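Just below is one structure, and these are the notes that go with it.
The values are calculated or read from the model by the stated rules, or taken from the named source; none is laboratory data. Bear in mind the structure is a predicted one, so any value in this text is a computation, not a measurement. Counting neighbours? That spans all protein chains shown, and the Cβs are built from the backbone with ideal geometry, glycine included.
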Amino acid sequence: MHSLIAPGPLQGIRVLDLCQGSEQYCGKLFAQLGADVVLVEPVAGAANRREGPFLGHAAHRERSLSFAYFNQGKRGIALDLEHSAACEVFLALVRNADLVIEAEPPGRMGARGLGAEVLLRAQPSLVVTSITPFGQDGPFAHFQADDLVALAFGGLLSLGGYPGLAPTAAYGNQAVLCAAQFAAVASLVALSVAQDQGGRPTGQHIDVSVQESVTMALENAVQFVELEQQIRKRNGGEQRQAGTGVFPCSDGMVYLMAGGVAANKFWHATTEWLVQGGAPGAEQLREPRWLDAQFLHTEQAKRLFADIFLPFAASQTKARLYAEGQRRRIPICPVSTTADLLQNRQLAFRQFFEQTTHPYSGARFAVPGAPYRLSASPWQLGSAAPRLGEHSCEVLGALGYDHETQAVLLRAGAFA
């Protein structure tokens with residue numbers, strides 16, 4: 001194999017990515033750090049080739065923007081792993097690989113004769129990373145789950161949304177993306193010890209559970225239950241206490257954190273802002289009762305503050321509120337839309353968004369750039385996502401399959 005990507009910190013690392021959904025983010029992280037990542041798809045294409053949004057709103061396996069994002073920087077081959085000849089090709093790839101990432105249901109790879117133990121025998125220093133909804137074992141291991149189910153089983157869904165209404169999931173496959181990031185970190189650690197000091201190969205199988213990855217994101221919610229017998233509740237759209245929460249303005253929303261008590265400099269600064277701005281009733285925020293932390297958490301205090309702040313904010317844009325809040329050293333920020341992010345001065349200064357060209361249409365559009373900066377070995381956007389089977393012949397040729405043998409495999413449906 002050879003790398004098509006400019007040198008990066010993971011140059012020389014060879015990865016086989018069998019994932020068909022957002023789990024592909026794990027392989028993307030490797031590809032954009034210089035690893036040679038080969039996406040191994042079914043001959044019909046990865047499942048997320050059929051997921052929108054589609055370029056030009058026209059559904060087509062080469063127009064999925066989701067697929068294009070998650071597979072930038074990778075090469076691509078198409079193998080029918082239900083075909084024995086294709087499994088032989090895959091094992092040949094494994095013998096030259098450092099990492100295999102897969103997201104098949106537990107037991108599926110084993111049924112093909114490609115379980116982790118088989119792959120590790122073929123390549124003893126290999127790292128095999130499996131990403132599944134509930135892990136490789138346990139009473140739920142063979143349950144199917146989409147991202148919404150994973151958020152629910154992981155506990156995070158119960159904390160999202162508005163009180164008294166059904167819980168609300170975050171946009172995008174956040175549960176799976178969380179697991180993909182944990183998978184990338186675990187894989188990097190395993191690769192670093194895949195060859196011990198004595199030269200003995202120490203490959204291993206990494207078992208990543210999406211449910212457990214989501215539960216890791218609950219911060220201290222579990223400790224609240226164990227230590228205080230208190231179940232944290234969702235409070236989207238409400239003030240946690242008077243002056244702290246999301247408030248509407250003329251063109252969207254802002255998040256304000258006015259502080260805790262009147263002696264707090266943020267609370268005092270917010271009060272003076274409202275008084276000087278002529279907000280009706282703002283003078284009462286100077287009254288002694290606002291020194292009482294218990295009062296600040298009452299519905300009466302929240303309602304009184306809202307009655308003062310909402311009319312004040314309604315006539316102003318989030319940009320104006322943010323700018324004046326910054327001037328007065330008050331913690332307030334706009335709730336940014338994706339359109340706002342494209343115009344964000346900080347992101348623009350750091351040139352976070354990158355321009356890429358879609359291989360099917362030639363259209364250019366912005367994509368998120370590096371999530372981190374490495375000064376000596378920079379992150380690279382990489383080549384466009386591969387077309388279905390784009391590098392199949394190239395990869396098979398590198399393994400020693402001549403044109404005649406490739407033609408036989410093609411006619412048999414083993415690859416595309």
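General remarks:
- The residues in region 342-378 that are at pLDDT below 90, within 19 Å of the chain's Cα centre (by Cα) and surrounded by 14 or more Cβ atoms within 10 Å (Cβ to Cβ) can be counted, and the count is 1.
- Of all residues in region 151-192, those that are surrounded by 13 or more Cβ atoms within 10 Å (Cβ to Cβ) and either at pLDDT below 90 or in contact with a Pro (Cβ under 7 Å, 6 or more places away or on another chain) (or both) total 7.
- Within region 137-154, the residues that satisfy the criterion of being within 21 Å of A47 (Cβ to Cβ), not charged (D, E, K, R) and not in a helix (DSSP H, G or I) are A141, H142, F143, Q144, A145.
- Exclusive hit being within 30 Å of S125 (Cβ to Cβ) and either of a type in the set (D, E) or more than 24 Å from the chain's Cα centre (by Cα) (or both), set E212, E219: E212
- So D207, is it at pLDDT 95 or above, charged (D, E, K, R) and more than 30 Å from H268 (Cβ to Cβ): yes
- Hey, L165 under 28 Å from F70 (Cβ atoms) and either among the aliphatic types (A, V, I, L, M) or in contact (Cβ under 8 Å) with a residue 40 or more places away in the chain (or both) or not: no
- Lone qualifier among L188, L157 - being under 24 Å from the mean Cα position of the chain (by Cα), farther than 30 Å from L304 by Cβ and touching a residue at least 12 places away in the same chain (Cβ under 8 Å): L157
- Every residue from region 93-121 that is of a type outside the set (V, I, T), surrounded by fewer than 17 Cβ atoms within 10 Å (Cβ to Cβ) and assigned to a helix (DSSP H, G or I): R108, G110, A111, E117, R121
- Members of region 276-332 found to be hydroxyl-bearing (S, T, Y), surrounded by 13 or more Cβ atoms within 10 Å (Cβ to Cβ) and not in a helix (DSSP H, G or I), listed by number: T298, T317
- Within region 207-221, tally of residues that are more than 16 Å from L151 (Cβ to Cβ) and surrounded by fewer than 16 Cβ atoms within 10 Å (Cβ to Cβ): 1
- Of all residues in region 122-136, those being under 21 Å from the mean Cα position of the chain (by Cα) and either basic (K, R) or assigned to a loop (DSSP other than H, G, I, E, B) (or both) number 3.
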